[in-house]
Structures are given as structure tokens and as C-alpha cells.
Amino acid sequence: MDLRSDAIKTIQVNVGFKCNQTCVHCHLQCGPTREEQMEWSTMVALIQAADSVRPDLVDVTGGAPEIHPHFRDFVEGLRESGHAVQVRTNLTAMLEPGLEDIPAFLRDHEVRLVASMPCYLEQNVCEQRGAGTYERSIEVLRRLNALGYGIEPQLSLDLVYNPNGPFLPPAQAQLEADYKRQLLNRFGLRFTRLLTITNMPIGRFWKSLKEVGKADDYMRLLVAGFNPHTVEGLMCRSQISVAWDGTIYDCDFNLALELPVRSETTRRIEDFMPTSLDGRRIVTGMHCFGCTAGAGSSCGGALASGASQALGKCIVTNR
């Protein structure tokens, strides 16, 4: 497919692969032993790039971005330049020593949050993210709610669902209603939206499927589930993803596979020229079927309505 980009509306920034968790579905294979982290000079170049193109959003991710030593300075620099900032968090990083005041810092700078919460049930969360992560996630959500996140309009708190097996997410609206009911009734918790994201056939998730002989079946599921109505809204068409080392990619999944943008003049954020990226031919591969299957998937959740095969649920399942 000759997939072309439109104007840049989102700059996604991966500040590094260091994380306090080692999730089984992580396409970037992040964890506590990863040392890749963005240098401050690259962050400065990113702020300058954002100033030149004025995107709708700067989306900060990792790893656990809060762990980065320049995280606060980077967020402050972006906000001082007038940029809307969103941070993707695993929640539990905010309980790490020295980071307990991060929720208040984020509130003070009106940073939007997208938080990993792959189920409202404890067993599924712990299967994906490790023992104890459910209770710690609930504790951080309580703290965020107390600060106004998920309640006040300017403090959005979106949760992210990932299937815990080789299937597609269920209907996003229906699952969101289930999440809101369960979390409110059980814990008194509130959030803004639920985003359903398909697990990509890359990284740890792909390795785990190979180990149990389900990789080919999953790939066939993605291909068979192709929905042409998802193509218009694919995130790669309106964003760039910048890696910890400054390399520019079409999306975070291409970043994981080290497939940089097609551009002769702008391959790194230090050389950023928006016009050289306009209308570029997007780098695609078989993994792209993960974004176009069923209702589609992106960093912003489902892309379209449509039938899906082998839908997942937020119930205890065996891989």
C-alpha cells in the first residue's frame, strides 16, 4: 500500500526504554535493566521542532517517562512554549522513590495522562505486568482522582486496555462502560476515556506467541480482520515518533523495529524540517495489520467501527 502522511498533528517522544516494570506485551521490550535514555540536548531540539510546527499535542512516552532525570525539565519547557502535553504512564512509576510528587507536578502543568490499565480485574493485570502492579495502580489512580484527574475537564485521565492473549480488543465503547462501572463500584475511581489497543506482532508479545506456537495464527487473525475504514485515521499519517537517540519514525511500532522515516533530509530531530516530511511515503510492514484489524488500533485507541474476529474480553483467560 502506498500510504502517505498528512500534516504533523502529534509529535510522540520516546524518552527512553528504562522502566520499573517488565510487561509481557511490551513491543519495545522495556525494563529496569534498559539504559537507553534521551539526552537533554535532544530534548531541547524537540522543543524547538515543536515550536516550528506547532502540533496539536506532544505525546511523551517510554519506558516509564517519569523515571527520566530530565522529565520535569522537558515537560516544563514544552508547557512554557505553549504546547499541549500528554504523558503515557504505567501508573506504578509514580510510587518509585523520589517520584511521589509527580502527580501534583503533572496537575500543576495540566498534563494529560494516558495510563496503562489492561483490565479491571487483578489477575489479568498481574499476568501482563507482574505481581503487585494491580494494587499499586489502584493506589495511584486514587491519588490522581484526589488531584482532579479524570474529574476536571483540563485534567484528562485515559486508561488503556491491551488483550492478554492472541485476540483483538472488544468494542471500545462497551468495554469503557464496563471499566467505568467496575472501577467506580469497587474503588470509587473515575477516568475520562478507555482506549483499546491491539497487541502488535513484535517485541515480547510476539516472542511469547512464538514460544507457544500461536504466532502464525495471530498473524492470520490480523490479516483476515483488515478493515479499510481504519486507514484514514491511522496515527502514522498525522504524527512522527522520535526515539531516545533523536531518530524520527512514522510511529512507535516502527521505532521498535528500527524502521526510520523515508526522508533524505530529515532523519533526526536535530535536522527537523517539516516540509521534508509532508506527504512522505510511510514505511509499512506486516505488523501494520495490527493497526488495521477489526475496529483498528492506534495510540489513541480504536479507529473505526466494524466486525472483529476472536474478540478479547476483560476476563481471566489463558494464553
* Structure fact -> By the mean-Cβ-within-10 Å protection proxy, highest first, 248-260, 136-148 rank as 248-260, 136-148
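For the chain, what is the calculated [θ] at 222 nm in deg cm²/dmol (nearest 500), taking -39500 (n - 2.57) for each run of four or more DSSP H residues and dividing by its residue count?
Taking each H run of at least 4 residues, the total per residue is -9000 deg cm²/dmol.
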* Structure fact -> In Å³ per residue, the alpha-carbon convex hull of segment 96-245 encloses 164
* Asked: Mind checking the log10 I(q)/I(0) for segment 130-183 at q = 0.25 Å⁻¹? Debye, one equal scatterer per Cα, no solvent, two decimals.
  -> -1.16
* Give the whole-number value, in cubic angstrom per residue, of the convex hull volume spanned by the C-alpha atoms of segment 170-318. => 143
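Find the eigenvalues of the gyration tensor of the Cα atoms of segment 1-160, then list the square roots of 5 times those eigenvalues as equivalent ellipsoid semi-axes, largest first, in whole angstrom. Don't skip to the answer; put the middle values down first.
On the way: eigenvalues 127, 70, 53 Å².
Result for segment 1-160: semi-axes of 25, 19, 16 Å.
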* To do: Collect residues whose amide H, placed 1.01 Å from N in the peptide plane, falls under 5 Å from the amide H of CYS251; neighbours closer than 5 in sequence don't count.
  => SER241
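Order 75-82, 238-245, 284-291, 96-103 from most to least packed using the mean count of other Cβ atoms within 10 Å.
238-245, 284-291, 75-82, 96-103
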* Asked: Per residue, how much space in cubic angstrom lies within the convex hull of the C-alpha atoms of the chain?
  -> 120
* Structure fact -> From the Cα centre of segment 55-132 to that of segment 19-39, the distance in Å is 14
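Could you look at the chain and say what percent of its accessible area is carbon and sulfur, using a 1.4 Å probe and all protein chains?
That share works out to 50 percent.
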* Asked: What is the Cα coordinate range of segment 15-87 on the first, second and third principal axes, sorted by size from largest, in whole angstrom?
  -> 36, 21, 15
* DSSP beta bridge pairing in the chain, given as percent antiparallel to the nearest 5 -> 20
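With every protein chain left in place, what is the accessible area per residue of the chain in square angstrom, probe 1.4 Å?
On a per-residue basis, the chain sits at 41 Å².
The values are calculated or read from the model by the stated rules, or taken from the named source; none is laboratory data. Source: prediction; values computed, not measured. We place every Cβ from the backbone using ideal geometry, glycine too, and count neighbours over all the protein chains shown. Areas reflect the complete protein model, heavy atoms only, side chains present, ligands, DNA and RNA absent. Shrake-Rupley method; radii C 1.70, N 1.55, O 1.52, S 1.80 Å.
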